[in-house]
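Below is one structure, written out as structure tokens; comments come after it.
Every number in this text was worked out from the coordinates using simple rules, so none of it is lab data. Please read all numbers here as calculations on a predicted model, not as lab measurements. Reconstructed Cβ throughout: ideal geometry from the backbone, glycine too, with neighbour counts over all protein chains shown.
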Amino acid sequence: MTDPPPSSAFRTANIDPAVTERLTAVLDVQAANPGVRRLRAWAHERLGAHPGERALDIGSGTGSETQVLAAAVAPEGHAVGVEPNPGLRAVAERRAAEAGSPARFLEGDALALPLPDADADVVWCERVLQHVTDPTRAVAEMARVLRPGGRVALLDTDWATFLLHPATAEVHPALAAIAWGTAATPHAGRSLAGWLAGAGLTVDHTGADVLLADPYAVPRPLLRAICTTAIERGLLTEERRDRLYDDLDAAAERGAFHLSVTMFTAVAHRPR
Ligand SMILES: C[S@@+](CC[C@H](N)C(=O)[O-])C[C@H]1O[C@@H](n2cnc3c(N)ncnc32)[C@H](O)[C@@H]1O
């Protein structure tokens with residue numbers, strides 16, 4: 001199979017250990033977020049991977065959910081993570097080995113999955129479609145590799161739900177616009193059910209949870225990145241940014257800080 005063209009910023013070949021370390025740290029913080037944990041548990045329960053099944057985790061990152069799937073399908077089944085980023089793939093392989101998990105990892109792209117037709121019983125794809133330039137094609141690929149009766153769970157953020165408080169009426173729209181612009185497909189969250197239905201799959205469950213950020217990590221890496229871009233684009237001055245950080249720190253002290261985005265999920269099956 002020929003290597004597909006880059007389809008997201010994450011797809012850029014990452015051979016820099018410092019970048020891998022930074023991405024891994026971000027994914028670990030997100031994995032510990034109570035909203036992410038709740039939504040993952042909700043979706044895994046509805047996906048219902050069970051012993052003997054073949055599971056696929058697309059855009060597996062550090063491989064945490066590939067390991068969850070591997071445990072669910074054990075002992076006869078198997079779980080494979082498809083991950084284009086070599087740095088993250090190496091982290092996933094190392095962590096699975098350390099945990100004694102049989103999860104395996106392959107190089108591959110959501111737009112051209114390295115699997116034959118009807119090869120998977122269950123597919124998991126979490127916070128990947130927001131990074132993909134052609135999510136409709138990615139979901140069509142999932143439908144192709146699912147066997148009739150097979151199930152799929154999509155989970156993704158919708159960046160229109162970015163909320164930061166306190167931020168003035170001038171500053172908030174600028175930061176929200178940057179947050180929206182950081183993803184290739186920022187409206188992924190609201191689109192999941194429609195993409196699945198459009199690929200001929202039957203949507204069985206939809207759900208959502210809110211990811212509330214820890215106020216005592218202000219300014220958080222996400223916020224710092226958003227502010228830096230806003231300054232580069234002339235939407236925010238350094239003075240306003242510093243005032244914003246002070247306001248957020250003070251709000252955290254008195255319990256009034258809020259930073260959140262909403263994450264959505266849809267679980268579907270391929271009709272027989
Ligand atoms: C925000 S991370 C989520 C990782 C993991 N699914 C999780 O929830 O922890 C996005 C992942 O999507 C992967 N990714 C980006 N573009 C992709 C593509 N075109 N095909 C497959 N994976 C992709 C990235 O390398 C990264 O591992």
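One table, with the values for the structure above:
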read-out	value
Rounded to the nearest 20 debye, dipole of segment 9-269 from Cβ charges on Lys, Arg, Asp, Glu	240
Cβ-based charge dipole, segment 9-269, positive-most Cα from V203, V128, A103	V203
Derived scalar couplings ³J(HN,Hα) [segment 240-254; Karplus, 6.51 cos²θ - 1.76 cosθ + 1.60; whole Hz; x for Gly, Pro]	5, 4, 5, 5, 4, 4, 4, 4, 5, 4, 5, 5, 4, 4, 9
Residue exposure sequence - V123, V145, V68 - by fewest surrounding Cβ within 10 Å	V68, V145, V123
Crossing angle, helix 34-47 versus the chain [Cα axis fit, 0-90 degrees, rounded to tens]	20
Degrees, to the nearest 10: 64-73 long Cα axis against longest axis of the chain	30
Principal axis dimensions, the chain - Cα atoms, whole angstrom, descending	58, 37, 36
Two-site FRET efficiency, R243 against A197, from Cβ-Cβ distance with R₀ of 51 Å, rounded to 0.05	0.65
Angstrom value of the Kirkwood radius, inverse mean 1/r, which spans all Cα pairs in segment 60-149	13.4
Whole-Å distance, taken between Cα centres, linking segment 165-190 and segment 194-243	6
Integer Hz, Karplus 6.51/-1.76/1.60 couplings in order for segment 111-124, x for Gly and Pro	7, 8, 5, x, 9, x, 4, 6, 9, 10, 8, 9, 10, 10
Acute angle (nearest 10 degrees) that the helix 188-198 long axis makes with the longest principal axis of the chain, alpha-carbon atoms	30
Residue order, fewest to most beta carbons within 10 Å, for C227, C125	C227, C125
Net lengthening on full extension, L106/A256 (0.36 nm per residue, minus Cα-Cα)	49.6 nm
Spacing of the two label points (7 Å from each Cα toward its C-beta) at R147 and A90, in nm	3.6
Cα pair distances of segment 128-263 binned at 10 Å [whole percent]	12, 36, 26, 17, 9, 1
A169-A225 pseudo-label distance in nm [points 7 Å out on the Cα-to-Cβ vector]	3.1
